[in-house]
Amino acid sequence: MAHHLVFIILLAAGALSGAGAVTPRQLFLVSPAPVTLTNHHGQLLTGNHSVNLLWYGRFTPAQRAVVADFLLSLSSPGSAATASSAPSVAQWWATTSRYHPGAARLTLGRQVLDPSLSLGRRLSESSLAALASRFSPHRGSVAVVVTAPDVLVDGFCLSRCGLHASAPSSAPHSTAHGRGRFAYAWVGNAAEQCPGECAWPFHQPAYGPQAPPLVAPNADVGMDGVVINLATLLAGAVTNPYGGGFFQGPADAPLEAVTACTGVFGAGAYPGYPGQLPVDAATGASYNAVGVAGRRFLLPAMWDPKTSQCSTLV
């Protein structure tokens, strides 16, 4: 059984439902009150961690490259960002090091393909934990399951766009404080099921203010949405991996590093408007960070412990 599930969750009637998840619609369209994340003095992820990817369902090589390049960019400032004077993905990730004792360095690990849907087309939370466990996980790794647009995951679109959690590893002396447990995450490609809920602002929102959607920087609404949600989950996974790290609210429905800053991507953001963002003159795509090989991404605001405010790259 998974322990300490954290969802990016759908906010219904102004209340957060669920633990630590990536939410649909109102994850992005509700303007949260100012928050202060409390350090509950539990274990955080620090040091070097490999992020292993399990691709569940069919993805093209180009789609897989979007996520792989994002992960490579977390620890690679890259010359492209400097040359373009745009912030780098690594600059965005550096905010997590301000969460004492902080400083988790994530690198791309193994990638496993499961195009035949070995556990079926419908997955439960226990199925996700089972898939993540295929990597023989340990405390120096984070397993990420990415599900294809036609895979049905319990709660997907209705209450969440993804989750991060922990489960027992093969290490001895498992405890609730993280020893003997491994962190994992799941994120779904919402291109077919709920792009207006889990891929905003690259798709017209399902509800709320109907501003025009932004052009996705990698020309793939579903995968650019996956990057936003994966970024949210990884930030939560390193700063609150086992339920005793940085968060506000109840432990089973916490506001975390990025979910505390819901819907904010640039300066001047307000409900339904992601903020002022650079636009590529050639493609019209909106972005706020540059990664390896000049690849562009749109990354969410993150709560900064030094300023106690949501920090954006632009």
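Checking Pro213 against (1) surrounded by fewer than 21 Cβ atoms within 10 Å (Cβ to Cβ); (2) touching a Leu at 6+ places or on another chain (Cβ under 9 Å); (3) at pLDDT 95 or above: exactly one of these is not met. Which one?
If we test Pro213 against (1) surrounded by fewer than 21 Cβ atoms within 10 Å (Cβ to Cβ); (2) touching a Leu at 6+ places or on another chain (Cβ under 9 Å); (3) at pLDDT 95 or above, just (2) comes out false.
Under 6 Å between Cβ atoms, at least 6 apart or on separate chains: pull out the pairs that start in the stretch 113-133 with a residue that is closer than 13 Å to Ala165 by Cβ and end on any residue that is modelled with pLDDT of 95 or more and not in a loop (DSSP other than H, G, I, E, B).
Partner pairs satisfying both residue conditions: Leu128/Val145; Leu128/Trp186; Leu131/Leu54; Leu131/Val145; Ala132/Ala143; Ala132/Val145; Ala132/Tyr184.
Could you list, in sequence order, all residues of the stretch 262-291 that are of a type in the set (Gly, Ala, Ser), outside any loop (DSSP other than H, G, I, E, B), under 17 Å from Ser311 (Cα atoms) and over 18 Å from the mean Cα position of the chain (by Cα)?
Ala267
With respect to Glu192, determine if the residue is of a type in the set (Asp, Glu), surrounded by 24 or more Cβ atoms within 10 Å (Cβ to Cβ) and in contact (Cβ under 8 Å) with a residue 40 or more places away in the chain.
no
Tell me yes or no: at least one residue of the stretch 243-260 is under 21 Å from Tyr287 (Cα atoms), surrounded by fewer than 22 Cβ atoms within 10 Å (Cβ to Cβ) and of a type in the set (Val, Ile, Thr).
No - not one qualifying residue is present in the stretch 243-260.
For Val314, indicate whether it is in a loop (DSSP other than H, G, I, E, B) and within 21 Å of Cys161 (Cβ to Cβ).
No: the conditions fail for Val314.
Give me the helices (runs of 4 or more DSSP H) completely within the stretch 52-133, filtered to those with at least 2 residues that are farther than 30 Å from Leu158 by Cβ, ordered by residue number.
Answer list for the stretch 52-133: 61-73, 79-84, 89-94.
Residue-wise test of (1) in contact with a Gly (Cβ under 7 Å, 6 or more places away or on another chain); (2) outside any loop (DSSP other than H, G, I, E, B).
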position: Leu234; (1), (2): no, yes
position: Val238; (1), (2): no, yes
position: Gly244; (1), (2): yes, no
position: Phe247; (1), (2): no, yes
position: Asp252; (1), (2): no, no
position: Ala260; (1), (2): no, yes
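Looking for something out of contact with any Gly (no Cβ under 7 Å at 6 or more places or on another chain) and of a type in the set (A, V, I, L, M) - is there at least one such residue anywhere in the stretch 160-174?
Within the stretch 160-174 (the criterion being out of contact with any Gly (no Cβ under 7 Å at 6 or more places or on another chain) and of a type in the set (A, V, I, L, M)), the answer is yes, since at least one residue qualifies.
Whether any residue in the stretch 65-87 is over 30 Å from Pro278 (Cβ atoms) and surrounded by 15 or more Cβ atoms within 10 Å (Cβ to Cβ) is what I want to check.
The answer is no, given that none of the residues of the stretch 65-87 is over 30 Å from Pro278 (Cβ atoms) and surrounded by 15 or more Cβ atoms within 10 Å (Cβ to Cβ).
The values are calculated or read from the model by the stated rules, or taken from the named source; none is laboratory data. In this text, all values refer to a predicted model and were calculated from it rather than measured experimentally. Cβ coordinates were reconstructed from backbone atoms using ideal geometry, including for glycine residues, and neighbour counts include every protein chain displayed.
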